[in-house]
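One structure is given below, encoded as structure tokens.
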Amino acid sequence: MSTSRARVLIVEDDPQIQRFLTAALESHGYEPVCAESGAEGLRLATTRQPDVVIVDLGLPDMSGLDVITRLREWFQRPIIVLSARSRESDKVGALDLGADDYLTKPFGVAELLARMRVAMRHHVGGEIQPRVEIGGLVVDLAARRVTRGKEEIHLTPIEYKLFAALIQHRGKVLTHRQLLREVWGAAHVESPQYVRIYMRSLRQKIEDDPARPHYLLTEIGVGYRLSDA
């Protein structure tokens with residue numbers, strides 16, 4: 001999806017932040033559309049068909065979490081949360097409900113635009129290519145093989161499933177619960193230690209310096225992200 005004239009729906013009741021986002025997005029070639037309430041945001045999402053939705057959690061008529069829930073009943077494109085709430089439970093809740101990313105106010109425009117580009121690339125076509133290159137790594141999803149140069153990196157079945165889940169959502173934050181559900185199944189969603197143990201093992205095999213990971217990034221208290229760089 002090209003960012004050129006991509007339509008961005010801003011669901012935000014603070015006029016100052018609305019004006020700031022509108023000016024920033026227009027200066028970078030986007031077409032912003034603003035809503036001051038959750039109900040108006042849901043209506044405009046239907047009528048204007050945005051490419052990205054930016055939503056605040058503290059809206060005057062309903063929670064931004066409710067907006068995300070309602071949107072995800074039919075809306076498949078990126079949703080990014082901008083909120084003054086910095087509690088980990090708010091971030092985890094928004095991501096678990098289907099938000100693609102979460103930025104805490106105050107935020108930088110450059111970071112917001114970068115997160116938007118990653119989310120939009122992730123949603124293009126909705127398909128994962130069978131062969132993925134990440135830096136010096138090559139992942140053949142069809143053959144279930146990971147190589148660096150001519151060297152094959154041997155992963156256990158669980159390590160591979162964890163890595164594949166991150167690849168399929170590359171650039172997006174995945175919460176502990178989302179990873180547990182995808183890799184271990186719904187019965188294990190309350191066992192976050194599984195993710196930490198296997199992520200440590202996976203970093204030992206994937207990263208050049210596991211103590212300073214380049215690919216497998218931690219979102220503290222929330223989950224993990226596979227770098228899009």
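The values are calculated or read from the model by the stated rules, or taken from the named source; none is laboratory data. If you're wondering where the values come from, they're calculated on a predicted model, not measured in any experiment. Don't worry about glycine lacking a Cβ; one is built from the backbone with ideal geometry, like all the others, and counts go over all protein chains shown. Ligands, DNA and RNA are stripped out before the accessible areas are found, and what is left, the full protein with its side chains, is counted by its heavy atoms. Shrake-Rupley method; radii C 1.70, N 1.55, O 1.52, S 1.80 Å.
Checked against (1) in a loop (DSSP other than H, G, I, E, B); (2) modelled with pLDDT of 85 or more, R115 passes all but condition (1). For the range 160-219, the set of residues classified as of a type in the set (S, T, N, Q) and within 19 Å of G149 (Cβ to Cβ) consists of Q204 only.
Could you grab me the full set of residues in the range 63-91 that are among the hydrophobic types (A, V, I, L, M, F, W, C) and either at pLDDT 85 or above or at positive phi (or both)?
Residues satisfying the conditions are L65, V67, I68, L71, F75, I79, I80, V81, L82.
Looking across the range 51-77, the residues that are under 10 Å from G98 (Cβ atoms), under 15 Å from the mean Cα position of the chain (by Cα) and open to solvent by 30 Å² or more (accessible area, probe 1.4 Å) come down to R72, Q76.
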